[in-house]
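The values are calculated or read from the model by the stated rules, or taken from the named source; none is laboratory data. On a predicted model such as this, the values are computed, not experimentally measured, just so you know. Note that each Cβ is placed from the backbone with ideal geometry, even for glycine, and that neighbours are counted across all protein chains shown.
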């Protein structure tokens, strides 16, 4: 079984900084930009021919007010996206990344 605490994995655990808002920080602007970025990302995934029905691009604001997009997608879509990125980067299936 693969451990979700190894390199490349970030947990979905509770983050105190994400629930305590500081006065004077413009969280709405960060959330608004993240919302626009999330919509653009879903549209781009669809333009690649990927099924976006199960894709969730959620907008959030970080503790400093900057926008954050959290992407959740089915494994099949993740694999298709991986192949699309590799194709655009010029990496074929048998070619190792440098």
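Evaluate the following for residue 30: is it crowded, with 16+ Cβ neighbours inside 10 Å, part of a helix (DSSP H, G or I) and more than 15 Å from the chain's Cα centre (by Cα)? Don't jump to the end; show me each part of the working.
Numbers: crowded, with 16+ Cβ neighbours inside 10 Å: yes; part of a helix (DSSP H, G or I): yes; more than 15 Å from the chain's Cα centre (by Cα): yes.
Yes, satisfied.
Look at the stretch 1-40 and say how many of its residues are modelled with pLDDT of 95 or more and closer than 17 Å to residue 85 by Cβ.
Going through the stretch 1-40 one residue at a time, the tally reaches 1.
Output the residues belonging to the stretch 42-55 that are surrounded by fewer than 17 Cβ atoms within 10 Å (Cβ to Cβ) and part of a loop (DSSP other than H, G, I, E, B).
48, 49, 51, 53, 54
Restricting to the stretch 56-66, what's the tally of residues that are in a loop (DSSP other than H, G, I, E, B) and in contact with a helix residue (DSSP H, G or I) (Cβ under 6 Å, 6 or more places away or on another chain)? Before you say what the answer is, go through the steps one by one.
Within the stretch 56-66, the subset in a loop (DSSP other than H, G, I, E, B) is 62-66.
If we keep only those that are in contact with a helix residue (DSSP H, G or I) (Cβ under 6 Å, 6 or more places away or on another chain) as well, we get 63, 65-66.
So the answer is 3.
For the stretch 67-89, does any single residue satisfy the condition of being assigned to a loop (DSSP other than H, G, I, E, B), surrounded by 15 or more Cβ atoms within 10 Å (Cβ to Cβ) and touching a residue at least 12 places away in the same chain (Cβ under 8 Å)?
Start the filter on the stretch 67-89 by keeping residues that are assigned to a loop (DSSP other than H, G, I, E, B), which leaves 73-74.
Cutting the leftovers down to surrounded by 15 or more Cβ atoms within 10 Å (Cβ to Cβ) gives us 73.
Narrowing the set further to residues that are touching a residue at least 12 places away in the same chain (Cβ under 8 Å) leaves 73.
Within the stretch 67-89, one or more residues are assigned to a loop (DSSP other than H, G, I, E, B), surrounded by 15 or more Cβ atoms within 10 Å (Cβ to Cβ) and touching a residue at least 12 places away in the same chain (Cβ under 8 Å).
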